[in-house]
Number of protein chains: 2
Amino acid sequence: MSLKSSLCLLAAAFVFPAWPQPPQGPRTVSPEVHSDGRITFRLRGPEAQSVVLNAPWAGGEIPLVKGEDGVWSITIGPVEPDILDYTYRIDGVRTIDPHNPRVKLWLGGAASLVEVPAEAPTYYDVQDVPHGDLHVHWFRSSASNRPRRVFVYTPPGYAASGERLYPVLYLLHGAGDDESTWSEVGRAPLILDNLIAAGKVEPMIVVMPNGHPVRFGEASRGTGNRNTELFVDELVKDVIPLIESRYRVHKDRRKRAIAGLSMGGGQSLAAGLSRAELFAYVGAFSSAAPDPVEDAAVKGFTADPRKTNRETALLWIAVGEKDFLLKRNQVFVEHLKEHGIRHTYLETPGDHSWPVWRRYLRDFTPLLFR
Amino acid sequence: MSLKSSLCLLAAAFVFPAWPQPPQGPRTVSPEVHSDGRITFRLRGPEAQSVVLNAPWAGGEIPLVKGEDGVWSITIGPVEPDILDYTYRIDGVRTIDPHNPRVKLWLGGAASLVEVPAEAPTYYDVQDVPHGDLHVHWFRSSASNRPRRVFVYTPPGYAASGERLYPVLYLLHGAGDDESTWSEVGRAPLILDNLIAAGKVEPMIVVMPNGHPVRFGEASRGTGNRNTELFVDELVKDVIPLIESRYRVHKDRRKRAIAGLSMGGGQSLAAGLSRAELFAYVGAFSSAAPDPVEDAAVKGFTADPRKTNRETALLWIAVGEKDFLLKRNQVFVEHLKEHGIRHTYLETPGDHSWPVWRRYLRDFTPLLFR
């Protein structure tokens, strides 16, 4: 859906007469992205007492100013090209921008999305290159005895590639996400399409499972570890066999990678480091890194550093300088250093958000299967 | 995502320590569906002056009442089992329920979703039956010279069915939707899974293209017809050839159906009635029925009623008694009657909303390819 899709609702109401009346009365355009990268946010709220923009990437909370027509507005920026999320606080209630149809779904609350386009199409844009396909499968989890979904990206040319086998990246989402988020918000398929077209990345299959075998909301204290255990169990017993029966993939650990963000970064470390027989490549993006001493899932991997170093083709850890998990990643990496575990560690600009994770996917995948 | 997924955010913040703070401070649960089908809606808004629930299925606008703790609430119902959408009006601003992570995306504005579960799993629920797969393909439209997406459902057993050919239903969305809406909101894949498992529906491939070759928002007066023309053009030149090259499908018009809702219903009538060489089955759900006299796309189909009746295996038209398009459908059907065109016409309970369209899909698909 284009950013411009929010324009001209009233005009559209004429030309698509099937369309019910737009909900807001007179048409208010928000957000409006200017050609110089400034962004104007608006809200029609003649009865509202206060309207505040919440956009951590723009410095936090910024009040909108009420106009005589009852439309609140504020212009910020210029902002560097990216896809960014924001919310409003309307008389104290935090919610989305009701004029903007682009919404990021998140289990902890939706947010509105604004895209500042790059001058030329960038690494996450739809470009005129061959596109892979996305597939959604249901399966019954033996770990949780529930029907579950998994998203699978196949690279351009997969269907016509005969007997060719592909390497696989298992790509895990965060605690507020689900199995669709890496595709819909993270744009993993488009990022892979563009990197493959540029020859920077080995054509690979990307598997995006759901990270909540314990239902989100049925959590109780201690469930985080239990959830990770069940997740790894389901991955090994159900997801990998499903992929290996349905797709032409290498079954060699040197052709299998696992990476994830936030909660999924913790899961990728737990699975990658405890099941080295399965994964040679491990990526942790802004991860909820496990406690390297206490956590049962990972505490064994430093016992024999030479073995770990021999088996691990890549242990890639990155976190934003403004991420609330920065310290936790530093502690984890310190432990790696103490035990002489070979790894890559990056502290990058950014906080705990999708612009960072899209960039990490772009930077991590070229290192795989080489 | 379960309805219960909105529970226990604070608990989750403990067990998923990667998770940023929930946005609303103290946890407010909304909506809460009671076992008797009543629903309590809540909103934490100590500073708000008025909070109104907008739920046409519950009678329209219903004020919430402010409690001493600053939480507004109202209990309604009992409500019949269904998946229903609603919005809030907070100090005059219409928006989603910020406590509810289930959101229906719509180009004209998002809405919150509430699900009243049936006692036993119903026709749109995930049941313990074989599941089909969903596939997402990009292609370049020759009609609009843009990259476009199409969603494709393949029925259970498709991958393992050797040389078997399948019939195809082209299933079109409404003006505020996109190519994902029939899957994500309409639950078409689950409805088909359940009907196929029950032996009520012929296993078929369901193709869900995007109905906006003219970008939503780039519309101007008269673009509705132009959009339909381009849509049919793209369907014929790009989508059908893509499907027939990538999937094992019958290329026989008697094994091809087209149906859609609202704007997509108008498109299905335009494509189905003007291109009878392609489609033997046509369905129009709450459709923006074309003007049967003036509209170029359909005015020819009454010229030779005997030919039309011979070629059309099914012309199925249904609309809700409270739908704002009721009259428009009545006019169209009157024209069919005048010209002796065989058809099925149903006026059903309901308005212009997804509960109606899910039921229409359930009732229409058993009639296909028999």
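The values are calculated or read from the model by the stated rules, or taken from the named source; none is laboratory data. These figures come from a predicted structure and were not determined experimentally. All Cβ positions, even for glycine, are placed from backbone atoms using ideal geometry, and neighbour counts span all protein chains on display. Note: areas computed on protein heavy atoms with side chains; ligands, DNA, RNA excluded. Shrake-Rupley method; radii C 1.70, N 1.55, O 1.52, S 1.80 Å.
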Looking at the stretch A:198-211, I want the residues that are under 21 Å from residue A:243 (Cα atoms) and have a partner that is of a type in the set (S, T, N, Q) and at pLDDT below 95 with Cβ atoms under 8 Å, at least 6 apart or on another chain. Which pairs are those? A:211/A:227
All-but-one check, residue B:46 against (1) within 12 Å of chain A (Cβ to nearest Cβ); (2) modelled with pLDDT under 95; (3) open to solvent by 60 Å² or more (accessible area, probe 1.4 Å), failing number (2)
Kindly evaluate residue A:286 against the criterion of being open to solvent by 10 Å² or more (accessible area, probe 1.4 Å) and either touching a strand residue (DSSP E or B) at 6+ places or on another chain (Cβ under 6 Å) or farther than 22 Å from residue A:253 by Cβ (or both). no
Of the residues in the stretch A:115-160, those that are within 8 Å of chain B (Cβ to nearest Cβ) and acidic (Asp, Glu) come to A:128, A:133
Residues within the stretch A:325-339 that are open to solvent by less than 10 Å² (accessible area, probe 1.4 Å) and outside any helix (DSSP H, G or I), tallied: 1
Tally the residues that are in contact (Cβ under 8 Å) with a residue 40 or more places away in the chain, in contact with a Pro (Cβ under 6 Å, 6 or more places away or on another chain) and either small (Gly, Ala, Ser) or farther than 24 Å from residue B:359 by Cα (or both), restricting the search to the stretch B:58-87. 0
Let me confirm something: among A:165, A:192, which residue is in contact with a strand residue (DSSP E or B) (Cβ under 8 Å, 6 or more places away or on another chain) and crowded, with 23+ Cβ neighbours inside 10 Å? A:192
Do we find a residue being touching a His at 6+ places or on another chain (Cβ under 6 Å) and in contact (Cβ under 8 Å) with a residue 12 or more places away in the chain anywhere in the stretch B:122-136? yes
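Table: residues versus (1) crowded, with 19+ Cβ neighbours inside 10 Å; (2) assigned to a loop (DSSP other than H, G, I, E, B).
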site	(1), (2)
B:62	no, no
B:75	no, no
B:87	yes, no
B:100	yes, yes
B:109	yes, yes
B:118	no, yes
B:124	yes, yes
B:138	yes, no
B:142	no, yes
Go through the stretch A:320-352 and give me each residue that's free of Cβ contacts under 8 Å to residues at least 12 places away in the same chain and either of a type in the set (S, T, N, Q) or within 27 Å of residue A:79 (Cβ to Cβ) (or both). A:330
Scanning the stretch A:120-156 for residues that are among the small types (Gly, Ala, Ser) and in contact with an Asp or Glu (Cβ under 9 Å, 6 or more places away or on another chain), which turns out farthest from residue A:354 (Cα to Cα)? A:142
Number of the exception - residue A:316 against (1) in contact (Cβ under 8 Å) with a residue 60 or more places away in the chain; (2) more than 12 Å from chain B (Cβ to nearest Cβ); (3) aromatic (Phe, Trp, Tyr): (1)
Take residue B:357 and decide whether it is touching a residue at least 12 places away in the same chain (Cβ under 8 Å), in a strand (DSSP E or B) and crowded, with 18+ Cβ neighbours inside 10 Å. no
